[in-house]
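Enquirer: I have a structure here, written as structure tokens, and I will follow up with some questions on it.
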Amino acid sequence: MHIEPGMLAHTKTVVASVVAAGVLALPLRNALLRPALLLRTLLATCFFTLFMQAFHLPVGASELHFVGAIPIYLTLGFAPTALGFGFGLLAQGLLFEPADLVHLGVNTLSLVVPLMVVHRLFGSALARLDVRTILKLDATYYAGVTLMVGFWLSMAEVAVPLGAWASFTASYLAIVAIEPLVTYITVNLLRRHADHPAVRMCFDVARRS
């Protein structure tokens, strides 16, 4: 879901950064008002960074990553996940790929906007979680990610063949096939131990924030 440096004009990356900061302002405010969310934000940042570094493969016009978005969202909540994406991309830029900092706002929006759509559509109906719902969450989220990448590529300074975007989009079918299994196992494992103090403090398996 990375947009490579140099593909977008500087003015567009600046606007994207301002929009990303505005989008994350409310989750950040909520996290600052609720200390438990700060811990979960730290966990979301760590999990996301670990997933992204563990597997990334150039495909078509962008990169295929195991984002882990839905298991992070379902176990840590909306605000920590959204902030974890932003802080995780910042940490990766500072530690591993400084060139990616140019498109920090762009790449953050590529991940956070689809999460907002998922939270809006399904966030109030997740108390009873089954395989069908998890598949809907994953399909909706990664369809959003690929559409966001297509949106940025449509504004690129360099023409990008439609086939390159299509190859990238098709590659995410593998994530949609694998991630629901990870989500189902993770959520059910945590719910079995929901009464443990450490699980109650670190995770939110009963309520979405």
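Enquirer: With the Cα gyration tensor of the range 59-102 giving a ≥ b ≥ c as the square roots of its eigenvalues, does the rule (a/c under 1.5 for rounded; else a/b larger than b/c for prolate; else oblate) give rounded, prolate or oblate?
Expert: Since a/c reaches 1.5 but b/c is at least a/b, the shape of the range 59-102 is classed as oblate.
Enquirer: So how far, in whole Å, is the C-alpha centre of the range 81-128 from the one of the range 161-209?
Expert: The distance from the Cα centre of the range 81-128 to that of the range 161-209 comes to 14 Å.
Enquirer: How would you classify the range 33-156 from its alpha-carbon gyration tensor, with a ≥ b ≥ c the square roots of the eigenvalues: rounded for a/c under 1.5, else prolate if a/b is greater than b/c, otherwise oblate?
Expert: Working: a/c = 1.79, a/b = 1.23, b/c = 1.46.
Verdict is oblate for the range 33-156.
Enquirer: To continue, here is another question. Between the helical axis of 35-54 and the dominant principal axis of the chain, each derived from Cα atoms, what acute angle in degrees is found, rounded to the nearest 10?
Expert: Helix 35-54 and the main axis of the chain meet at about 50 degrees.
Enquirer: Could you order peptides 164-171, 107-114 by the average number of other Cβ atoms within 10 Å of their residues, highest first?
Expert: Ranking, from highest mean packing down: 107-114, 164-171.
Enquirer: Report the relative contact order of the chain, percent, no decimals, based on alpha-carbon pairs under 8 angstrom and at least 6 residues apart. Spell out each step's value before the answer.
Expert: On the way: 271 pairs, mean separation 66.3, N = 209.
Computed over the chain, the figure is 32 percent.
Enquirer: Also, quick follow-up: Just add up the charged neighbours of Leu89: K/R +1, D/E -1, any other residue whose Cβ is under 15 Å from the Cβ of Leu89.
Expert: Here the count lands on -4.
Enquirer: Taking the Cα centre of the chain as the origin and placing charges on Cβ (Lys, Arg +1; Asp, Glu -1), which of Thr183, Leu50, Leu129 is farthest toward the positive end of the dipole?
Expert: The residue sitting most towards the positive pole is Leu129.
Enquirer: Quick one: accessible area per residue over the chain, 1.4 Å probe, rounded to a whole number of Å²?
Expert: Counting only protein heavy atoms, the per-residue value for the chain is 49 Å².
Enquirer: Relative to the first principal axis of the alpha-carbon coordinates of the chain, what is the inclination of helix 104-122, with its axis defined by its Cα atoms, in degrees from 0 to 90 and to the nearest 10?
Expert: 40 degrees
Enquirer: Using only the Cα atoms of the range 31-91, build the gyration tensor, take square roots of its eigenvalues as a ≥ b ≥ c, and label the shape rounded, prolate or oblate: rounded if a/c is under 1.5, else prolate if a/b is larger than b/c, else oblate.
Expert: prolate
Enquirer: Same structure again: Once you mark the trypsin sites (Lys or Arg not before Pro) that are in a DSSP loop and have at most 10 other Cβ atoms within 10 Å, what is the longest gap between them in the chain?
Expert: That would be 1-127.
Enquirer: For the Cα atoms of the chain, what angle does the longest principal axis make with the long axis of helix 10-33, in degrees from 0 to 90, nearest 10?
Expert: Approximately 10 degrees, to the nearest 10.
Enquirer: Moving to a separate point now. Cα convex hull of the chain: mean projected area in nm², to one decimal?
Expert: For the chain, the mean projected area of the Cα convex hull comes to 10.9 nm².
Enquirer: While we're on this one: Determine the share of the range 138-196's accessible area contributed by carbon and sulfur atoms, expressed in whole percent, with a 1.4 angstrom probe. Display every interim value, and only then the final one.
Expert: Values: 2260 of 3150 Å².
Carbon and sulfur together cover 72 percent of it.
The values are calculated or read from the model by the stated rules, or taken from the named source; none is laboratory data. Keep in mind that this is a model prediction, so the values were computed, not measured. Methodologically, a virtual Cβ is constructed for each residue, glycine included, from the backbone with ideal geometry; neighbour enumeration extends over all protein chains shown. Remember, those area values only see protein heavy atoms, side chains included, never the ligands or the DNA or RNA. Shrake-Rupley method; radii C 1.70, N 1.55, O 1.52, S 1.80 Å.
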